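Here is the structure we will look at, set down as structure tokens.
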Amino acid sequence: MKKSFLRPYASRVSFLQRVLDGGVIYLVYWGALFLRGEDWDATRSWVLVLAVASFALFAELRGLYLSWRTSSLGDEASALFSTWVYVVFVLLTVAFVTKTSSTLSRQVVLAWFVAAPVALVVVRMAGRGAMRYFRRNGANIRKVAVVGHNPMGHKLVRHLSSMPWAGLVVKGIFDKYHGKTLSVDVGGASYPLGSKEDLIRQVHADEIDAVYIAVPFRDEERIEQLVSQLADTTVSVYVVPDLFISELMHSRWIDFGGIPMASVYETPFNGVDGWVKRAEDIVLASLILMLISPLMAAIALAVKTTSAGPVLFKQRRYGLNGEVVEVWKFRSMTVCEDGANITQAKKGDARITPLGGFLRRTSLDELPQFINVLQGSMSVVGPRPHAVSHNEQYRKLINGYMLRHKVKPGVTGWAQVNGWRGETGTLDKMQKRVEYDLGYIQNWSLWFDLKIVVLTVFRGFVGKNAY
């Protein structure tokens with residue numbers, strides 16, 4: 001088997017993926033009809049054509065047919081499911097407008113909607129398994145070189161080595177080193193250490209397929225020289241940003257009269273995205289409140305009958321742009337503290353009522369905050385709001401803490417579904433929560449929000465640090 005037999009056929013592999021995806025969508029639909037004992041007709045043919053065409057369009061927009069060599073199966077599965085959601089939306093919209101939904105079996109359509117994305121993921125899993133087998137046997141391997149005998153270069157080498165399924169083999173680390181080639185140990189493995197001249201020689205000898213330049217951007221002249229020299233070859237070249245540039249890359253780039261600028265500290269909810277976020281909040285909060293209203297009524301009755309005090313407790317929190325908002329909760333303590341000094345709830349806290357302990361552990365005390373969402377002071381998903389006194393404390397201790405308030409606070413958040421909820425007894429715990437909050441803001445999308453909502457159902461109602 002030639003070691004590069006798959007490389008010239010990348011376009012054919014991509015074409016095969018498109019054909020397989022269309023075939024899977026067809027087979028699942030046909031299988032659902034067969035199991036229900038229903039016949040194929042012209043209407044079903046048009047439904048299938050529309051589904052396959054819509055999937056092909058949205059899959060292109062989501063980049064599903066680009067190389068997924070360096071991405072995880074989870075990322076690819078997420079893209080597949082989100083693409084299929086768009087397809088379902090198109091099909092339902094067309095059925096509603098044309099009034100043809102009554103001519104189709106709901107059981108068949110529902111089974112198709114659920115089974116098709118699962119089948120698509122299974123096919124992709126099989127494809128990855130096949131590629132893993134080929135790469136294990138020396139096929140479809142890409143030999144890469146890392147330029148940068150430094151922490152960033154070593155981090156990249158460890159990352160590449162942790163993904164054997166990607167078929168990226170590190171052939172060496174290259175830097176300003178001159179003289180006899182040595183080896184360097186990175187992550188428990190030994191790699192050749194060479195000079196720039198060694199790299200250029202190996203590239204010209206077709207021993208390297210791709211070069212990753214992990215040199216600090218302050219060494220601009222060195223990067224330019226290397227890129228210029230590699231321009232005389234056919235090798236693929238990637239420049240790995242250092243920490244500062246990486247932060248800029250996550251920023252929003254804007255055009256200011258023809259001058260590109262990086263918006264480092266800015267809300268992601270400007271313009272259309274702001275409308276999408278608000279529409280999402282209204283729809284989700286309305287649906288959730290309709291579903292949980294009986295539960296909220298039962299909790300309100302339980303709070304009122306088990307301890308003295310009001311049913312709802314309002315506490316001042318920082319909201320969008322640092323403005324103070326009043327956040328609603330079911331009262332879970334014998335006190336209603338909202339002053340300059342608020343002590344975080346701890347394990348065995350005497351202020352917590354027996355019912356309140358249960359409500360706090362399960363996050364049921366926070367259900368009234370969906371009313372805050374409809375009012376516009378909160379979002380369904382966003383950084384969890386902290387008491388004003390805690391904000392004033394941590395903004396002095398954690399760099400970038402107040403950037404959490406470039407968006408509205410949320411009923412649930414990325415930090416919470418990853419286990420960073422409840423008591424933050426140490427500064428490290430709060431830093432970790434802030435890290436996840438800022439990561440959410442930098443990477444926001446509608447699908448990211450929906451993912452967090454789904455994860456909240458499974459992870460967000462319990463936590464070992466929630467008292």
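One table, with the values for the structure above:
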item	result
Residue match in the range 433-455 (condition: more than 22 Å from residue 78 (Cβ to Cβ) and modelled with pLDDT of 85 or more)	yes
Cβ-Cβ under 9 Å pairs, at least 6 apart or on other chains, the range 108-131 side closer than 9 Å to residue 28 by Cβ, far side surrounded by fewer than 16 Cβ atoms within 10 Å (Cβ to Cβ) and among the charged types (D, E, K, R)	111/36
Number of positions in the range 70-107 that are free of Cβ contacts under 8 Å to residues at least 24 places away in the same chain, of a type outside the set (D, E, K, R) and farther than 26 Å from residue 36 by Cβ	4
Criterion: in contact with a Gly (Cβ under 9 Å, 6 or more places away or on another chain) and closer than 14 Å to residue 318 by Cβ - qualifying residue of 361, 395, 384	384
Qualifying positions in the range 198-240 - closer than 15 Å to residue 171 by Cα and either part of a helix (DSSP H, G or I) or outside the structural domain of residue 156 (by TED's automatic domain parsing) (or both)	198, 199, 200, 201, 202, 203, 204
Hits in the range 385-428 - residues which are closer than 17 Å to residue 361 by Cα, in a loop (DSSP other than H, G, I, E, B) and touching a Ser or Thr at 6+ places or on another chain (Cβ under 6 Å)	none
Residue, farthest from the chain's Cα centre (by Cα), within the range 351-402, restricted to residues that are within 21 Å of residue 304 (Cα to Cα) and polar (S, T, N, Q)	353
Test: residue in the range 79-86 that is of a type in the set (A, V, I, L, M), more than 30 Å from residue 167 (Cα to Cα), part of a helix (DSSP H, G or I) and within 19 Å of the chain's Cα centre (by Cα)	yes
Failed condition for residue 89, given (1) at pLDDT 80 or above; (2) over 18 Å from residue 447 (Cα atoms)	(2)
Tabulated pairs, the range 53-66, first at positive phi, second of a type in the set (Gly, Ala, Ser) and in a helix (DSSP H, G or I), C-beta under 9 angstrom, 6+ apart or interchain	63/79
The range 198-236: number of residues that are closer than 19 Å to residue 156 by Cα and touching a Phe, Trp or Tyr at 6+ places or on another chain (Cβ under 8 Å)	7
Residue within the range 442-449 that is part of a helix (DSSP H, G or I), in contact with a Leu (Cβ under 8 Å, 6 or more places away or on another chain) and either more than 25 Å from residue 85 (Cβ to Cβ) or in contact (Cβ under 8 Å) with a residue 60 or more places away in the chain (or both) present	no
Given (1) at pLDDT 85 or above; (2) aliphatic (A, V, I, L, M); (3) not in a helix (DSSP H, G or I), number of the condition residue 64 does not satisfy	(1)
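Table: residues versus (1) within 16 Å of residue 236 (Cβ to Cβ); (2) touching a helix residue (DSSP H, G or I) at 6+ places or on another chain (Cβ under 6 Å); (3) of a type in the set (Phe, Trp, Tyr); (4) modelled with pLDDT under 80.
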site: 167; (1), (2), (3), (4): yes, yes, no, yes
site: 175; (1), (2), (3), (4): no, no, no, no
site: 186; (1), (2), (3), (4): no, yes, no, no
site: 191; (1), (2), (3), (4): no, no, yes, no
site: 197; (1), (2), (3), (4): no, no, no, no
site: 204; (1), (2), (3), (4): yes, no, no, no
site: 219; (1), (2), (3), (4): no, no, no, no
site: 222; (1), (2), (3), (4): no, no, no, no
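The values are calculated or read from the model by the stated rules, or taken from the named source; none is laboratory data. Nothing here was measured: the structure is a model prediction, and the numbers come from that model. Cβ sites come from the backbone with ideal geometry, for glycine too, and all protein chains shown count toward neighbours.
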